[in-house]
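Before any comments, here is the structure.
The values are calculated or read from the model by the stated rules, or taken from the named source; none is laboratory data. Quick caveat, the model's predicted, so the values are computed rather than measured. Heads up, the Cβs are rebuilt from the backbone with ideal geometry, glycines too, and the neighbour counts pull from every protein chain shown. Just so you know, the surface numbers come from the protein's heavy atoms only, side chains and all, with ligands and any DNA or RNA stripped out. Shrake-Rupley method; radii C 1.70, N 1.55, O 1.52, S 1.80 Å.
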Amino acid sequence: VQVVESGGGLVQAGGSLRLSCAASGLTFSNYRVGWFRQTPGKERGLVAAIAWTGGSTYYADSVKGRFTISRDNAKNTVYLQMNSLKPEDTAVYYCALAPGIYSYNSWGQGTQVTVSS
């Protein structure tokens, strides 16, 4: 199983980025997918998640109305569209997959997002 994130970078406050998470080596449509983020000294936290059908999504309160998660099962890819970015969104963003009802067990290497004020 391979999970690869891309799309991170440096952006000014108020700007946008779109992160991509591409997975291989598994039946992607059987997995929930979550985006997590982590800053130094803090625990990794769930930012957004999407069910295997794409019909159910979750957002942390801090990103509601600004971030949108979506998936394309035909491309084995999940996206995180991040708008109206704030300096506090600066973090390493990780994509993770969870089979069925089980916990997230396949992680990517992370992609850095830096939002300047």
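Report the Cα centroid-to-centroid distance between the range 58-78 and the range 13-48 in angstrom, as an integer.
That distance is 8 Å.
Lys and Arg at +1, Asp and Glu at -1: add these up for the other residues within a Cβ distance under 15 Å of A91 and post the number. Working shown, then result.
Values: positive: R37, K42, R44, R66, K86; negative: E5, E43, E88, D89.
Result for the local shell: +1.
Using a 1.4 angstrom probe on heavy atoms only, work out the carbon and sulfur share of the accessible area of the chain in %. Write down the numbers at each step before the final one.
Working: 2920 of 5990 Å².
Percent of accessible area from carbon and sulfur atoms in the chain: 49.
Can you tell me the relative contact order of the chain? Whole percent, Cα pairs under 8 Å, sequence separation 6 or more. Please report the intermediate quantities before stating the final value.
Working: 287 pairs, mean separation 41.8, N = 117.
Here the relative contact order equals 36 percent.
For the chain, with a Gaussian network of springs between Cα atoms less than 10 Å apart, report the residue from I69, I50, I101 with the top mean-square fluctuation.
I101
Of the residues K75, K42, K86, which exhibits the maximal mean-square fluctuation in a Gaussian network model of the chain defined by a 10 Å Cα contact cut-off?
K42
How big is the range 19-117 along each principal axis, measuring the range of its Cα positions in Å and listing the largest first?
In descending order, the Cα extents are 40, 26, 21 Å.
Excluding residues fewer than 8 places away in the same chain, name every one of the lysines whose C-alpha is closer than 25 Å to that of K64.
Partners within reach: K42, K86.
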